[in-house]
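To start, the structure under review is shown below, and the notes come after it.
The values are calculated or read from the model by the stated rules, or taken from the named source; none is laboratory data. Because the structure is predicted, anything quoted here is derived from the model rather than measured. Reconstructed Cβ throughout: ideal geometry from the backbone, glycine too, with neighbour counts over all protein chains shown. Side chains included, ligands, DNA and RNA excluded: accessible areas come from the protein's heavy atoms. Shrake-Rupley method; radii C 1.70, N 1.55, O 1.52, S 1.80 Å.
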Amino acid sequence: IVFVVDDDVRTQESLKNLIRSVGLRVEAFPSAQDFLVSTRPDVPGCLVLDVRLPGLSGLDLQKRMAEVGLEIPIVFISGHGDIPMTVQAMKAGAVEFLTKPFRDQELLDAIQQALERDRYAREQRAELAELRSRYRLLTPREREVMALVVTGLLNKQIAGELGTSEASVKVHRQHVMAKMRAGSLATLVRMADRVATHIPKA
């Protein structure tokens, strides 16, 4: 779905017709405030956003979305774009900044790029959520073993670190591999890297 925020009714209708012409669903809003309070379906999407709006500007909305964790890729459009404005928008993560008049295909290409970005981000979030749920199944001792396993230590060395037997470490290690669904040590290392910044080790 493509969300359009533009206070000009003619522009809004033109954009809706263009976006629908390539088979995409579109919802339009006359202001940033209306967009923020709307109920949005949980599907891949992007935002086509005019920079100059009544109340909250497009750049203000971009900032507000970042503050509340609303992760929707943005394509800015403006009839009054300047370099500092463009730089600010792009540095804050916008997919594209198009200055009117732009070709229809330019906008459609930017929308496709934004939708692909959102699909990929959603996949990454889903994968991370799955890894987190697996990690939560580990016992405290299994988490300790995992943390040492991914540093490359052997079972004997891990046993020495934890003050336990090598046989016990071997069992914990097997449990870690099974619960994390890791087919190899290399896979487990990649998983540990991904969860490390999101989950405390304890």
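Brief remarks on what is shown
- Relative to the current alpha-carbon distance between Glu161 and Ala66, full extension at 0.36 nm per residue lengthens the span by 29.9 nm.
- In the chain, inverting the average of 1/r over every pair of distinct C-alpha atoms gives 19.9 Å as the Kirkwood radius.
- Dimensionless Rg ratio for segment 70-158, taking C-alpha atoms and the 2.2 N^0.38 Å reference: 1.82
- Carbon + sulfur, % of accessible area of the chain - ligands and nucleic acids excluded, 1.4 Å: 53
- Simple rule: put +1 on each Lys or Arg Cβ and -1 on each Asp or Glu Cβ in the chain, find the dipole, and look at Thr139, Leu36, Val95; the Cα lying farthest toward the positive end is Thr139.
- Net charge of neighbours whose Cβ lies under 10 Å from the Cβ of Gly93, counting Lys and Arg as +1 and Asp and Glu as -1: +1
- A simple charge model with +1 on the Cβ of Lys and Arg, -1 on the Cβ of Asp and Glu and nothing else charged puts the dipole of segment 5-85 at about 180 debye relative to its Cα centre.
- Nearby lysines by direct alpha-carbon distance to Lys156 (threshold 27 angstrom, same-chain neighbours under 8 apart not counted): Lys170, Lys179, Lys201
- Label-point separation, Ser57 to Ser21 (7 Å along Cα→Cβ), nm: 3.1
- For segment 45-150, averaging the sequence separation of C-alpha pairs within contact (under 8 Å, six or more residues apart) and dividing by the residue count gives a relative contact order of 25 percent.
- Fully extended contour minus Cα-Cα distance, from Leu36 to Val87, at 0.36 nm per residue: 16.0 nm
- The length gained on full extension between Thr11 and Thr151, counted as 0.36 nm times the residue separation minus their Cα-Cα distance, comes to 44.7 nm.
- Placing a pseudo-label 7 Å from each Cα along the Cα-to-Cβ vector at Glu130 and Gln113 gives an inter-label distance of 2.9 nm.
- Cβ-placed point charges (K, R +1; D, E -1), dipole of segment 18-170 about Cα centre in debye, nearest 20: 340
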